[in-house]
Amino acid sequence: MQLVDSFQRHVSANCVQAVHHENVHTAIGDGRVKNFYSIYGKQAEWQAVDAFICLHPAATCELFVPFNRSIIVVTTTRYDAGRRSIGDWRRWNDRLARIAADQRNVVAANNQYDVEYMRSVVSFGVLME
């Protein structure tokens, strides 16, 4: 539990370097993903993580792909929140499909509507309900 508490304090104090409440709902392009990883990718606390869990907005999981860890995406409302342009939405769909295709990862929704919404626009093999 101490490691978790230490990690949470570190993240809360330092995560704003790359992502903060004002820009978390905007598109996360390749530049921001690379910037985020360049800041946190070599830090011991981040390397000790076994899995990343993303709830809302679920698309923030894009940031964690370079860490090569398990990713758990659970959409609570609209999996595409913050992806306002067609290009950003399609890029997130592609990334989400790649996340779902990796057996280490889990993609799920907390309600049937969002399960069906994701299925209608993203190519999934298996989607947890």
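The values are calculated or read from the model by the stated rules, or taken from the named source; none is laboratory data. Predicted, not measured: the structure shown is a model, and the values here were computed from it. Glycine gets a Cβ as well: all are built from the backbone with ideal geometry, and neighbour counts include every protein chain shown.
Pairs are defined by a Cβ separation below 6 Å, a sequence spacing of at least 6 or placement on different chains, a first member in the stretch 51-71 that is within 20 Å of TRP89 (Cα to Cα), and a second member that is polar (S, T, N, Q); the pairs so defined are CYS54/THR60; LEU55/THR76; HIS56/THR76; ALA58/THR75; ILE71/ASN105. Considering the stretch 55-78, and only residues there that are part of a loop (DSSP other than H, G, I, E, B) and not hydroxyl-bearing (Ser, Thr, Tyr), the residue that is farthest from TYR37 (Cα to Cα) turns out to be ARG78. For the stretch 39-54, a tally of residues being under 29 Å from SER120 (Cβ atoms) and either modelled with pLDDT of 90 or more or in a helix (DSSP H, G or I) (or both) returns 3. HIS20: touching a strand residue (DSSP E or B) at 6+ places or on another chain (Cβ under 9 Å) and at pLDDT below 90, yes or no? Considered against the rule, which asks whether it is touching a strand residue (DSSP E or B) at 6+ places or on another chain (Cβ under 9 Å) and at pLDDT below 90, HIS20 comes out as no. Examine the stretch 43-64 for a residue that is within 23 Å of GLU116 (Cβ to Cβ) and among the acidic types (Asp, Glu), and state whether such a residue exists. Yes, some residue in the stretch 43-64 is within 23 Å of GLU116 (Cβ to Cβ) and among the acidic types (Asp, Glu). ARG98 meets the conditions (1) surrounded by fewer than 17 Cβ atoms within 10 Å (Cβ to Cβ); (2) under 10 Å from the mean Cα position of the chain (by Cα); (3) of a type in the set (D, E, K, R) in every case but one. The failed one is (2).
Number of residues in the stretch 55-79 that are more than 26 Å from GLU45 (Cβ to Cβ) and buried (at least 22 other Cβ atoms within 10 Å of the Cβ) equals 2.
On the stretch given as the stretch 79-113, residues that are of a type in the set (Gly, Ala, Ser) and either assigned to a helix (DSSP H, G or I) or free of Cβ contacts under 8 Å to residues at least 12 places away in the same chain (or both) total 4.
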